[in-house]
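Derivation of every value follows stated rules applied to the coordinates shown; laboratory data play no part. In this text, all values refer to a predicted model and were calculated from it rather than measured experimentally. Here Cβ is always computed from backbone atoms with ideal geometry, including for glycine, and neighbour counts include all displayed protein chains.
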């Protein structure tokens, strides 16, 4: 195993090899492959994602989440419940936090999207990312990118004034490992410092 | 999810035209996309109405006008709403999550479909989703279901908190189609299931909600929302209460009370209101009036606790609002 083989390239490589039927970048990605779209059921959308312009033809059924993960290759945003109950898919859409699983990509032609991949700047972690490490605010890590995107908004909206307020305004992000105490600490610490 | 055609309406006329031809309107999409993925909703055509100009909140004289595309988070943060209608702001901020409130529109909030697990599960029987198929909730898991307003066809609760506040405040729903506007008192907007549980509201095919109107007043300013649920946040109501009181000189002059989580539609409590008006404010009055909150209740196998709970929630919220400074 050579040094550059990280978890991400391993997972992407393995799924391409094992899942012969899964075609990376398919217009059907994330949709029901049993019922392919007919003419008029796909749409070209343009979005600015983490500062980069994207133009993709998507099946109208494609959620913003599936477009980001399966078409734009941005797998940092996670799919948890896929029904708006967990917050793992939280991204910033035109500056506001949303659940990317509950909205269609075709609804956001011309929008600006920020995902976890666009949070660090110039190779330096955002203070909130660093605070998650410093306060031990995750265990398995699956909810973490959603927690951080939501936390950025929570602070920016001015809803991080107390631990109680943070708990209420971060309630849309579930952590099944139960790292809540430290997630609150990470958001509170960052809100004080920034 | 089944395939569908999609169009973003550039103007109202093209949106209403598409709606008239059977396309489903989409605004926030938080209910519709979810239910399309579950194949509960199967539209052939979807029309995105987000470019339409129903985005303003205006307070003209004593009337608050809310555009149907205003987002829940925007309305909750509006300083005029927080001052004149605390019950609306509180109901909104106790709904869903910060993410969902950024997405979901006010019009769509009224159009939410039930959270009954049998409605959401296409392998279960549900008269609302598939008329005539039966109701799996009646003999199944019905702890979260309705004790008021149900029928032998359906006992699903209405999920909206905002609608409970709006019913208490006698809001008006403004609906539009090519023939013009229709102003629907909100109490007539929501339909109890009866023998036609699939007919949830008063909108005609293709009609579009463009806004809401609510009147200001002294009791609207002294108002609030209490929501009791299985967890502290990000959960639907087991029982909730919207209360607005005008207390002048120690006497209740006006009272508006509605409850959520216990009925098939947002449920006004006129008997509680009658028991309040003209009487001396205080702990005895709150508990005596709240004793009327469950009148007519028909509990199911798992939800008899709501009969007591709704009376306690109303009593507590009457005390909270009635004793505001």
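The helix-only estimate of mean residue ellipticity at 222 nm for the protein assembly as shown, built from DSSP H runs of length n ≥ 4 each weighted as -39500 (n - 2.57), is -8000 deg cm²/dmol after division by the residue total.
Over all Cα atoms in the stretch B:5-50, the spread is summed up by Rg and Dmax: 10.3, 31 Å. Once the Cβ-Cβ distance of residue B:80 and residue A:44 is raised to the sixth power relative to R0 = 45 Å, the FRET efficiency obtained is 0.65. Only alpha carbons enter this Debye calculation for the stretch B:181-244, each as an equal point scatterer, and the log10 of I(q)/I(0) it gives at q = 0.29 Å⁻¹ is -1.11.
The angle separating the long axis of helix B:305-322 from the principal Cα axis of greatest extent in chain B is about 70 degrees. Could you let me know the centre-to-centre spacing of the stretch B:1-18 and the stretch A:116-143, using Cα atoms, in angstrom? Spelled out, the Cα-based centre of one part sits 40 Å from the other.
Counting neighbouring Cβ atoms within 10 Å and putting the fewest first, the residues B:190, A:132 line up as B:190, A:132.
For chain A, the Kirkwood hydrodynamic radius from C-alpha pairs, put into Stokes-Einstein at 4 °C and a viscosity of 1.567 mPa s, yields a diffusion coefficient of 73 µm² per second. Counting Cβ atoms of other protein chains within 10 Å of each residue's Cβ and taking the mean over peptide B:2-11 gives 5.
Taking Cα atoms only, the orientation of helix A:7-18 departs from the longest principal axis of chain A by about 20 degrees. The angle between the Cα long axis of helix A:144-156 and the longest principal axis of the Cα atoms of chain A comes to about 60 degrees, rounded to the nearest 10.
Packing, as the average of other Cβ atoms within 10 Å across residues, places the peptides B:243-251, B:255-263 in the order B:255-263, B:243-251, highest first.
Ordered by the count of other Cβ atoms within 10 Å of each Cβ, fewest first, B:6, B:236 give B:236, B:6.
Roughly how compact is the stretch B:222-322, stated as its Cα Rg over 2.2 N^0.38 Å to two decimals?
Normalised Rg, Cα atoms only: 1.04.
Remark: mean inter-chain Cβ contacts per residue of A:97-109 equal 6, using a 10 Å Cβ-Cβ cutoff to other protein chain atoms. Its Cα gyration tensor gives the protein assembly as shown an equivalent ellipsoid, and the semi-axes of that ellipsoid, as √(5λ) in whole Å with the largest first, are 40, 28, 22. As a proxy for reagent exposure, A:108, B:201 were ordered by neighbouring Cβ count within 10 angstrom, fewest first; the result is B:201, A:108. Once you order the gyration tensor axes a ≥ b ≥ c over the Cα atoms, which shape class does the stretch B:55-166 get: rounded for a/c under 1.5, otherwise prolate or oblate by comparing a/b with b/c? Prolate, since a/c reaches 1.5 and a/b exceeds b/c.
Just check chain B against the gyration tensor rule for me: Cα atoms, a ≥ b ≥ c as the square roots of the eigenvalues, rounded for a/c under 1.5, and otherwise prolate or oblate depending on whether a/b exceeds b/c.
Verdict is oblate for chain B.
Above 17 angstrom, tally the Cα pairs of the stretch A:23-118 and express them as a % of all pairs, no decimals.
Tail of P(r) above 17 Å: 44 percent of Cα pairs.
Put the Cα centre of the stretch B:217-294 next to the Cα centre of the stretch A:63-107 and the gap is 39 Å. Compactness of the stretch B:157-202, taken as the C-alpha radius of gyration over 2.2 N^0.38 Å, stands at 1.25.
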